[in-house]
Amino acid sequence: MTNSTEARPPLPPFTRETAIQKIRMAEDGWNSRDPQRVSLAYTPDSEWRNRAAFPKGREQIIELLTAKWQREIEYRLIKELWAYTDNHIAVRFAYEWCDANGNWFRSYGNENWEFDEQGLMQKRYASINDLAITESERKFRWAQGRRPDEHPGLSDLGL
């Protein structure tokens, strides 16, 4: 059981509004590119599937994210609600990044999330595909960090 001082509202059961709020909070955390900050949204024993990696617990999550953001430069992410119920949320997402050689990519994916009663994510299953793009095909051009509220979402961008 999670310590109640670690509660991360909004808490389940989710409504459409609270699911969207939870998704935006996750997007903001990931766009910070701060592995320690991001890890605090997960239970200490959280289970992930992320591509071919299966980290378990916050320390392994921090290791995975540290390596990810060293490799994925200029990372910018948008998440969007797909479905929700009680303590589960399904998300679709896209993010853009470039590698150390200046090659640009857009990564598309889906995530299935399960939350504990304190609003911490205890399971995260992600499926992700990468598409090489040119710099001129980029759609996520805000300054690194939080996506501005006025920036279009995935559906608005036709993604």
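Applying the criteria of a DSSP loop state and at most 13 other Cβ atoms within 10 Å to the trypsin sites (Lys or Arg not before Pro) of region 103-159 yields 141. The angle between the Cα long axis of helix 16-32 and the main principal axis of the chain comes to about 60°, on a 0 to 90 degree scale. A helix-only calculation puts the chain at -7000 deg cm²/dmol for mean residue ellipticity at 222 nm, using -39500 (n - 2.57) for each DSSP H run of at least four residues, averaged over all residues.
Rounded to the nearest 0.05, what FRET efficiency do residue 133 and residue 66 give with R0 = 25 Å and r taken as the Cβ-Cβ distance? Could you check? Intermediate values should be presented prior to the final figure.
Details: r = 25 Å, r/R0 = 0.99.
Result of the calculation: an efficiency of 0.50.
Using Cβ point charges alone (K and R +1, D and E -1), the dipole size of region 10-137 about the Cα centre works out to roughly 100 debye.
For region 1-101, which trypsin sites (Lys or Arg not before Pro) are in a loop by DSSP, counting at most 15 other Cβ atoms within 10 Å? If you can, show how the numbers build up before the last one.
Details: sites: 16, 22, 24, 33, 37, 49, 51, 56, 58, 68, 71, 76, 79, 92; in loops: 33, 51.
Within region 1-101, the qualifying trypsin sites (Lys or Arg not before Pro) (loop, at most 15 other Cβ atoms within 10 Å) are 51.
Straight-line cross-link partners of residue 123 among the lysines, defined as a Cα under 18 Å from its Cα and at least 8 positions apart when in the same chain: 22, 56, 79. On a 0 to 90 degree scale, rounded to 10, what angle separates helix 58-71 from the longest Cα axis of the chain? That helix lies at roughly 10 degrees to the long axis.
With a Förster radius of 35 Å applied to the beta-carbon distance between residue 21 and residue 143, the computed FRET efficiency rounds to 0.90.
Any read-out appearing in this document is the output of simple, stated calculations on the displayed coordinates, not a laboratory observation. All values reported here derive from a predicted model rather than from experimental measurement. Cβ coordinates were reconstructed from backbone atoms using ideal geometry, including for glycine residues, and neighbour counts include every protein chain displayed.
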